[in-house]
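Q: There's a structure below that I have some questions on.
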There are 2 protein chains.
Amino acid sequence: MNLIKNDLLLRTLRKEKTERIPVWFMRQAGRYLPDYIKLREKYSFFERVRNPQLAAEITVMPVKQVGVDAAILFSDILVIAQALGVDVEILEGKGPVIADPIRTKEQVEKLDPANTAEVLSYALPTTKAVKDALENEVPLIGFCGSPWTLLCYMVEGKGSKDFAKAKQFCYQHPDLAAKLLDKITEASIIYLNMQIQAGVDTIQIFDSWGGLLSPSDYRKFSLPYLDKIVKAIQPKVPVILFAKGGWFALAELQATGASALGLDWTIEPSVAKKMTGSAVLQGNLDPIVLLGPAKNVEQETITMVKNFGVGNYIANLGHGVLPQTPFDNAKTFVETVKNFRM
Amino acid sequence: MNLIKNDLLLRTLRKEKTERIPVWFMRQAGRYLPDYIKLREKYSFFERVRNPQLAAEITVMPVKQVGVDAAILFSDILVIAQALGVDVEILEGKGPVIADPIRTKEQVEKLDPANTAEVLSYALPTTKAVKDALENEVPLIGFCGSPWTLLCYMVEGKGSKDFAKAKQFCYQHPDLAAKLLDKITEASIIYLNMQIQAGVDTIQIFDSWGGLLSPSDYRKFSLPYLDKIVKAIQPKVPVILFAKGGWFALAELQATGASALGLDWTIEPSVAKKMTGSAVLQGNLDPIVLLGPAKNVEQETITMVKNFGVGNYIANLGHGVLPQTPFDNAKTFVETVKNFRM
């Protein structure tokens with residue numbers, strides 16, 4: 001095992017003292033990066049994900065060009081739907097499309113987590129290629145989506161502002177929903193173990209649509225499955241749980257034993273600290289701030305890090321970086337955090 | 001002044017004792033009602049809003065057919081953009097479209113709140129026609145959107161999941177945003193006073209996109225303008241403030257002096273009560289529950305009213321009723337509340 005030169009993120013996840021705040025941001029690999037946009041013209045989305053050299057090149061880009069303190073594997077949460085046997089397309093600027101969404105008992109029964117290792121076999125060589133390309137400069141974050149968020153896409157068939165069809169499915173067929181969530185959970189654990197085997201240093205789980213649920217539905221359809229994944233993974237590498245809009249579940253997410261909790265921008269640092277005590281927190285600048293003037297990016301970033309403080313804190317955005325983000329603003333965000341001292 | 005026969009809502013807003021919980025729901029007039037859908041085929045959206053007989057017929061429909069304890073004027077929050085001189089179209093199933101969104105100093109300067117009374121002059125005869133049609137059975141709720149929510153549409157030009165252009169405008173031109181918000185506030189107060197003059201019994205202000213802001217941005221771009229409207233209106237009729245996703249601002253919204261606070265479904269009754277003490281609360285069933293099986297509608301409604309309890313509470317959904325809601329489920333929701341006793 002090689003030691004990682006800049007291990008600020010890992011030390012923060014272990015609640016060790018650090019000289020400054022580590023910084024990375026969600027969706028940092030791709031989207032807004034001019035060099036990525038060039039690659040996009042030559043290769044389809046899943047070509048980029050599955051080709052070890054391309055995936056490595058894209059994953060390392062923000063480390064080299066923007067100076068973040070961690071890399072995150074270039075991939076997509078929807079690969080778990082593919083692992084289960086569902087056809088997924090990612091349309092540029094439109095997001096995922098599933099031509100044949102899951103709505104029936106027969107469809108749920110056909111899904112088979114046992115194929116995960118085979119369908120996602122590219123994860124081993126791509127992750128290893130990424131680790132090689134990183135040359136132990138910074139840690140590598142692996143990831144998956146939460147079972148609830150995967151169900152949202154698999155049942156709805158595409159992105160949605162309210163995922164009404166997905167929720168309706170859960171209300172109409174709670175047993176079937178549970179079966180589907182179990183299968184997604186099983187595939188996710190297999191996939192995360194593959195990433196760990198190939199060398200990722202930590203895992204983030206994205207519950208992107210957790211905040212669409214009421215607290216009681218969250219306890220039914222999201223939390224138990226996250227808990228199962230954390231219990232399987234946390235003994236191996238630290239887990240970061242990010243539930244967008246999930247302020248109401250922070251204490252319960254913390255109780256899973258995860259190393260850190262991600263926050264979106266609708267919760268103030270002081271409120272999040274009050275809710276979670278000594279938890280390691282990650283977040284939470286509104287990604288739209290990065291579309292505004294550089295001066296504002298700097299000011300808002302300083303306000304954020306001041307309010308969180310050094311220690312038990314990882315600077316990040318409150319959701320994925322937007323494709324229309326000016327490259328220089330992403331850099332200003334990172335540099336402002338790196339230059340900050342209490 | 002005629003006494004209203006069923007004044008449960010008004011007594012609850014005055015914190016008086018009531019024998020049972022009053023119930024109505026956001027967007028109850030229109031959308032999911034079969035008789036409304038028939039009218040939609042004959043008249044355009046703004047024909048329906050501006051014609052006193054049509055507006056009265058639509059407003060009264062849910063009172064007669066679903067049995068709610070209050071009527072809410074059939075209209076749209078975008079009329080304030082029209083009052084200021086902006087062309088707005090409402091496309092069926094797509095929402096509002098503004099062909100020429102507000103982006104420049106010149107555009108903001110051209111907007112004139114002084115024309116509000118003239119442009120929205122139909123509000124007087126329509127509101128009076130509604131009051132006549134209601135025959136003092138239940139109270140009539142007037143409404144407007146929050147200045148922030150209006151800015152969202154006026155700058156973005158249409159609905160959006162993140163209103164990135166609107167927020168970007170605020171970050172780039174905070175002074176211009178303040179000017180625009182001032183003008184929207186002024187027009188809103190004129191319009192609400194017209195509604196009060198014509199006989200509405202209470203006002204709800206919809207801050208539909210307040211929850212997209214960080215708490216500090218909310219204090220900049222939404223709260224001060226809501227506060228100004230509440231201070232102008234609350235002395236005349238009780239005001240209900242509903243900020244979707246605005247859990248983080250509940251205490252500050254309460255401090256405006258508004259009579260009641262609306263809640264979406266992501267906050268538990270006990271948490272909302274803790275945050276607001278003795279405030280009158282309104283909400284908060286996930287509207288998607290009404291798409292599910294009737295048994296589930298009944299169960300979830302009972303859980304909700306049990307948790308809020310009788311007194312200082314108005315039963316409602318956590319956002320507008322969805323167009324695809326089965327009529328019978330809307331009725332089950334209302335009847336379940338009406339039959340509930342502690």
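All of the numbers you see were taken from the coordinates with simple rules; none came from a lab. Values in this document were obtained by computation on a predicted structure and should not be read as measured data. Cβ placement follows ideal geometry from the backbone for every residue including glycine, while neighbour counts extend to all protein chains displayed.
Q: Testing the spin-label approximation: label points 7 Å from Cα along Cα→Cβ at A:Gln172 and B:Gln53. State their distance in nm.
A: Result for the modelled spin labels: 4.0 nm.
Q: Would you mind calculating the gained length between A:Lys306 and A:Arg31 on full extension (0.36 nm times residue separation, minus the Cα-Cα distance), in nm to one decimal?
A: Computed gain between A:Lys306 and A:Arg31 is 96.1 nm.
Q: Taking beta carbons within 10 Å but only from partner chains, what does the mean come to for residues B:244-251?
A: 2
Q: Considering only C-alpha atoms, what is the centroid distance from the range B:237-304 to the range A:46-97, in Å?
A: Between the Cα centre of the range B:237-304 and that of the range A:46-97, the gap is 39 Å.
Q: For an R0 of 51 angstrom, estimate the FRET efficiency from the Cβ-Cβ distance between A:Glu19 and B:Ala251 and round to the nearest 0.05.
A: 0.85
Q: Need the full-extension length gain, B:Glu106 to B:Glu118, defined as separation in residues times 0.36 nm minus the C-alpha distance. One decimal, nm.
A: Residue separation times 0.36 nm, minus the Cα-Cα distance, leaves 2.1 nm.
Q: Among A:Ala99, A:Ala123, A:Ala198, determine the one that fluctuates most according to a GNM of chain A built with springs between C-alpha atoms less than 10 Å apart.
A: Its mean-square fluctuation being the largest, the pick is A:Ala99.
Q: In nm, what does the list of distances from A:Lys17 to its counterparts in the other copies look like, shortest first, when each label sits 7 Å along Cα to Cβ?
A: 6.3
Q: Grab the alpha carbons of the range B:8-339, take their convex hull, and tell me the volume per residue in Å³.
A: With only Cα atoms used, the range B:8-339 gives 116 Å³ per residue.
Q: In peptide B:157-166, what is the residue-averaged number of other protein chain Cβ atoms found within 10 Å of each Cβ?
A: Details: counts 0, 0, 1, 1, 3, 5, 1, 6, 3, 1.
The mean count of partner-chain Cβ atoms within 10 Å per residue comes to 2.
Q: May I ask you to list the residues of the range B:91-113 whose amide nitrogen lies under 14 Å from a point 7 Å from Cα along the Cα→beta-carbon direction of B:Arg40?
A: Once the point is set 7 Å along Cα→Cβ of B:Arg40, B:91-96 turn out to lie under 14 Å by backbone N, inside the range B:91-113.
Q: Pick from A:Pro139, A:Pro215, A:Pro293: which is most flexible by mean-square fluctuation in a GNM of chain A where alpha carbon atoms under 10 Å apart are linked?
A: Taking springs between Cα atoms under 10 Å, the residue moving most is A:Pro293.
Q: With all pairs of different alpha carbon atoms counted, what Kirkwood hydrodynamic radius in Å does the protein assembly as shown show?
A: Every distinct Cα pair counted, the radius reaches 26.3 Å.
Q: Please find, among residues of chain A, the one with the beta carbon closest to the rotation axis relating it to chain B, distance in whole Å.
A: So the chain A residue sitting closest to the axis is A:Lys161, 3.
Q: With N set to the number of residues, divide the alpha-carbon radius of gyration of the range A:64-203 by 2.2 N^0.38 Å and report two decimals.
A: Against the empirical 2.2 N^0.38 Å value, I get 1.13 for the range A:64-203.
Q: What is the local net charge at B:Val88, summed over the other residues whose Cβ is closer than 12 Å to its Cβ (Lys, Arg +1; Asp, Glu -1)?
A: Surrounding charge for B:Val88 is -3.
Q: Taking a label point 7 Å from the Cα of A:Glu137 along the Cα→Cβ vector, which residues of the range A:43-69 have an amide N closer than 12 Å to it?
A: A:57-69
Q: Now, a different point. Which net charge results when you count Lys and Arg as +1 and Asp and Glu as -1 among the other residues whose beta-carbon is under 14 Å from that of B:Ile4?
A: -3
Q: About the Cα centre of the range B:8-339, what is the dipole size in debye to 20, counting +1 per Lys and Arg Cβ and -1 per Asp and Glu Cβ, all else neutral? Walk me through the numbers before you get to the answer.
A: Numbers: 37 positive and 36 negative charges, 99 e Å.
Dipole about the Cα centre, nearest 20: 480 debye.
Q: Once you've got the GNM for chain A with C-alpha springs shorter than 10 Å, pick whichever of A:Thr126, A:Thr104, A:Thr185 has the biggest mean-square fluctuation.
A: Maximum fluctuation in the GNM of chain A, among the listed residues, is at A:Thr104.
Q: Rounded to the nearest 500 deg cm²/dmol, what is the calculated helix-only ellipticity per residue at 222 nm for the protein assembly as shown, with -39500 (n - 2.57) per DSSP H run of length n ≥ 4?
A: Result for the protein assembly as shown: -14000 deg cm²/dmol, rounded to the nearest 500.
Q: Can you compute the FRET efficiency between B:Phe327 and B:Asp162 using 1/(1 + (r/R0)^6), with r the Cβ-Cβ distance and R0 = 25 Å? Round to the nearest 0.05. Show your work: numbers first, answer last.
A: Values: r = 33 Å, r/R0 = 1.31.
Given R0 = 25 Å and the Cβ-Cβ separation, E is 0.15.
Q: Continuing with this model, one more query. If each label sits 7 angstrom from Cα along the C-beta direction, how far apart, in nm, is A:Asp100 from its counterparts in the other copies?
A: 5.1
Q: Sorting check: for A:38-45, B:167-174, which peptide has the highest mean count of neighbouring beta carbons within 10 Å, and how do the rest follow? Each step should come with its number before you reach the end.
A: Values: A:38-45: 12.4, B:167-174: 21.0.
Highest-to-lowest ranking by the protection proxy: B:167-174, A:38-45.
Q: Then there is this: Take every Cα pair under 8 Å in the range B:8-339 that's 6+ residues apart, average their separations, divide by the length, and report that relative contact order as a whole percent.
A: 22 percent
Q: Then there is this: Within the set of other residues whose C-beta is less than 11 Å from the C-beta of A:Lys64, count the net charge using Lys and Arg as +1 and Asp and Glu as -1.
A: -4
Q: If you keep only loop residues by DSSP, which GluC sites (Glu not before Pro) in the range A:99-183 have at most 12 other Cβ atoms within 10 Å of their Cβ?
A: Working: sites: A:Glu106, A:Glu109, A:Glu118, A:Glu135, A:Glu137, A:Glu156; in loops: A:Glu135, A:Glu137.
Answer in residue order: A:Glu135.
Q: Another one. For B:Asn339 and A:Lys94, FRET efficiency with R0 = 56 Å and r from the beta-carbon atoms, rounded to 0.05?
A: 0.75
Q: For A:Gln197, place a label point 7 Å from Cα along the Cα-to-Cβ direction in every copy; what are the distances to the other copies, in nm, shortest first?
A: Counterpart label points of A:Gln197 in the remaining copies fall at 7.6 nm.
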